[in-house]
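Right, one structure below, let's go through it.
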Amino acid sequence: MENPYRKLRESVALIIFGIILGSIPGMIRLDQMRREVEAERAETQKLNDGLRAGLMNYERELSDEKQKHSTDRADCQNAILGDGARTILLDLNHPWGSPIQQVMGVSLTLPPPGNSSFATGPMWVIPRAITPHVVDGVLGAAYTHIWPDGRTDGWQRPSRAE
């Protein structure tokens with residue numbers, strides 16, 4: 001008589017062998033997918049590192065450019081404004097308007113020398129570093145310097161431009 005458990009053992013062994021044999025392609029495919037994911041992560045990380053480095057360089061260049069612009073602007077302002085004093089320049093050839101009593105918080109004695117009326121012409125407030133000059137035929141101008149502490153030099157005639 002034949003052993004009934006023998007067929008059962010063969011059947012169970014065949015099923016286990018089939019499961020093992022069937023799982024091999026699945027494991028190979030899982031290994032391939034894992035390698036692809038690791039390769040994509042490495043590539044993405046490399047790309048992110050490159051972008052971060054580029055962004056840091058851009059921010060550094062932008063910061064350097066802002067600092068250079070700020071330095072250039074400060075140098076330009078210092079060259080023009082100098083010590084903070086201002087020059088008040090009046091055109092006496094075109095009298096109109098009312099007399100000026102206060103300019104930048106300093107009372108001025110008007111009219112400037114040579115003007116017999118109390119009416120004044122156009123007035124400009126410019127940095128003291130800019131020295132007024134007149135050209136031929138324009139002799140009706142006067143200027144004074146006003147310092148940050150309120151002192152004034154008094155009214156002067158500009159020299160002739162060379």
Where a residue in region 8-31 is in contact (Cβ under 8 Å) with a residue 60 or more places away in the chain and at negative phi and its partner, wherever it lies, is surrounded by 10 or more Cβ atoms within 10 Å (Cβ to Cβ) and hydrophobic (A, V, I, L, M, F, W, C), with Cβ under 7 Å and at least six apart: none
Looking at region 42-55, can you tell me whether even one residue there is closer than 30 Å to R151 by Cβ and either outside the structural domain of T131 (by TED's automatic domain parsing) or touching a residue at least 60 places away in the same chain (Cβ under 8 Å) (or both)? no
Within region 10-23, does at least one residue satisfy the condition of being surrounded by 10 or more Cβ atoms within 10 Å (Cβ to Cβ), under 54 Å from the mean Cα position of the chain (by Cα) and hydroxyl-bearing (S, T, Y)? no
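The values are calculated or read from the model by the stated rules, or taken from the named source; none is laboratory data. Note that the structure is a prediction, hence the values are computed from the model and not measured. No Cβ is skipped: glycine too gets one built from the backbone with ideal geometry, and neighbour counts run over all protein chains shown.
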